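For reference, the structure is listed below as structure tokens.
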Amino acid sequence: MIKTEQAIYTVIENGNITSPNGFQAGGVSIGLRKHNKLDMGWVYSEVPAAAAGVYTLNSFRAAPLLVTEESIQQEGKLQAIVVNSANANACTGEEGLANAYAMRKAFSDQIGIQVQHAAVASTGLIGVQLPMDKIMSGIHSISGEGKAEDFAQAILTTDTCTKQLAVSVEIDGVPITIGGAAKGSGMIHPNMATMLAFVTTDACIPSEVLENQLRKTTDKSYNMITVDGDTSTNDMVLVLANGKAGNKELNPNHPEWEKFCAAFQYVSQELAKKIARDGEGATKLVEVCVKQAQSSEEARKIGKAVVASSLVKAAVYGADPNWGRIITAAGYSGASFSPDKISVWLGDVLVVQEGTPVLFDEMEASEYLKQDNVVITIDLQEGTGEATAWGCDLSYDYVKINASYRT
């Protein structure tokens, strides 16, 4: 294991969604993607797990989200998840909803669990009915054995890499593990996007407590990333906690509650950053840190606006230290601040001090912007609020990828 700076939790080398006790996962190829790529994945808990979910704010919510939300609402528990890629089953009407229910029923029957303990998710092309012959054939091929890496591969669409990790934290004298896998590359914008994230833990925690913590965590992780400003129909984050670690029930009154929250937050933020870094056509991860805002909410507004700005993203791609685009985005963010107090850094290079441009070495700033990870810091000198947002640069390849997405 690799110790973190916080020493609260440890990052597990090659950790994944099956790192927590009692979880299995796998993936199969069912013919939805070209070249026999894996395109259906599943996650299974040995026992019904406390469950929580957050979903897209897009008015067009895909059928799988509706079915999965219904499953969780019945008992606050899930035991397994099935995911298909290449087809979003979104904007597919009553037939699409019936197909999502059929997926859930077939999957629960295949692995021998109660139907309300099964969740379904889909990602891919919008407005096309699922090829149910392939879906059913794939579900019937799922066995009790699989590989976490196959699951991480099976849920991808235009992603260039898998996104997974796990951490361990000691609570009540026993190790608790939190693992996760995610997908997302394009149509990514705050309030989630064409992204799916699945988190597992062997912690003992009630579903209502888990849901509350997931919502708080989402506001500081998945809702703080953007690639292109589009919010998808299929966004979903699901968390399963099966209690196999044997700790005392976790809640805000538990003496080690903050340790769990820190580990949970780390997993969510790292998955979110992996999505941002793998944005379609991206060459760099962009991190915008906002300090001394009037409130955290005001800081989030500015961070989101700057990291979402196409002009800022294009400047970062071109290694152009055009700081005017940064303060412009901050200005239209809707946040309250005094323009004559704002200072801006590109890495360690100060470019604006208290609302006034300063002389700086443009060559040094340009060289900094050529790095794989770019940090923009904005200090407002207004209060104690702070937030961090993540995104990527905007390259020619983004247009190429999305101009031919269907063809």
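Between 49, 98, 389, the Gaussian network model of the chain with springs among Cα atoms under 10 angstrom shows the greatest mean-square fluctuation at 98.
State the percentage of accessible surface on the range 282-329 attributable to carbon and sulfur atoms; use a 1.4 Å probe and exclude ligands, DNA and RNA. It is 49 percent, rounded to a whole number.
Ranking 217, 337, 378 by how far each Cα lies toward the positive end of the dipole of the chain (charges on Cβ) leaves 217 at the top.
Residues 396, 55, ordered by accessible area of protein heavy atoms at a 1.4 angstrom probe radius and largest first, appear as 396, 55. Packing here is the average count of other Cβ atoms within 10 Å per residue, and on that basis the peptides 133-140, 17-24, highest first, run 17-24, 133-140.
With every protein chain present, what is the per residue accessible area of the chain (1.4 Å probe, Å²)?
Averaged over the residues of the chain, the accessible area is 41 Å².
If only the Cβ of Lys and Arg carry +1 and only the Cβ of Asp and Glu carry -1, the dipole of the range 49-136 around its Cα centre is close to 160 debye. Inter-label distance, residue 60 to residue 294: 3.6 nm, where each label sits 7 Å from its Cα along the C-beta direction. The slack between residue 95 and residue 36, meaning 0.36 nm per residue of separation minus the straight C-alpha distance, is 18.6 nm. Return one number: the angle in degrees, 0 to 90 and rounded to the nearest 10, between the long axis of the Cα atoms of helix 296-308 and the longest principal axis of the Cα atoms of the chain. In the chain, helix 296-308 runs at an angle near 90 degrees to the longest axis.
Report the gain in length on full extension from residue 371 to residue 75: 0.36 nm times residue separation, minus Cα-Cα distance, nm rounded to one decimal.
The residue 371-residue 75 span can extend by a further 101.8 nm.
Extension gain for residue 14 to residue 174 (0.36 nm times residue separation, less C-alpha to C-alpha distance): 55.5 nm. From the largest down, the range 98-190 spans 48, 35, 24 angstrom on the principal axes of its Cα atoms. Calculated from the structure, Cα extents along the principal axes in Å equals which of (1) 74, 50, 33; (2) 67, 55, 35; (3) 72, 57, 49? Structure-derived value, by its label: (2). Its alpha carbons give the range 288-407 an Rg and a Dmax of 14.8, 50 Å.
Taking every alpha-carbon pair under 8 Å whose residues sit at least 6 apart, the chain reaches a relative contact order of 17 percent. With the cut-off at 27 Å, tell me which of the pairs 183/304; 147/220; 34/147; 134/284; 34/370; 220/341 have Cα atoms farther apart than that. Table pairs above 27 Å Cα-Cα are 147/220; 134/284; 34/370.
Between rounded, prolate and oblate, where does the range 35-138 land on the alpha carbon gyration tensor, with a ≥ b ≥ c its root eigenvalues, rounded for a/c under 1.5, else prolate if a/b exceeds b/c?
Cα axes put the range 35-138 in the oblate bin.
The amide H of residue 125, built 1.01 Å from its N in the peptide plane, has 86, 87, 88 as neighbours under 5 Å, considering only residues 5 or more places off or on other chains. For the range 108-163, a simple Cβ point-charge model (Lys and Arg +1, Asp and Glu -1, everything else neutral) yields a dipole of about 120 debye relative to the Cα centre. Rg of the Cα atoms in the range 243-348, relative to 2.2 N^0.38 Å, amounts to 1.40. Within the assembled protein chains, the solvent-accessible surface assigned to residue 390 is about 10 Å², based on a 1.4 Å probe.
Which percent, nearest 5, of DSSP beta bridges in the range 8-140 are antiparallel? Antiparallel: roughly 70 percent of the beta bridges in the range 8-140.
The values are calculated or read from the model by the stated rules, or taken from the named source; none is laboratory data. None of these values were measured; they are calculated from a predicted model. Backbone-built Cβ (ideal geometry, glycine too); neighbour counts: all protein chains shown. Accessible surface is based on the protein model in full, side chains and every heavy atom, while ligands, DNA and RNA are left aside. Shrake-Rupley method; radii C 1.70, N 1.55, O 1.52, S 1.80 Å.
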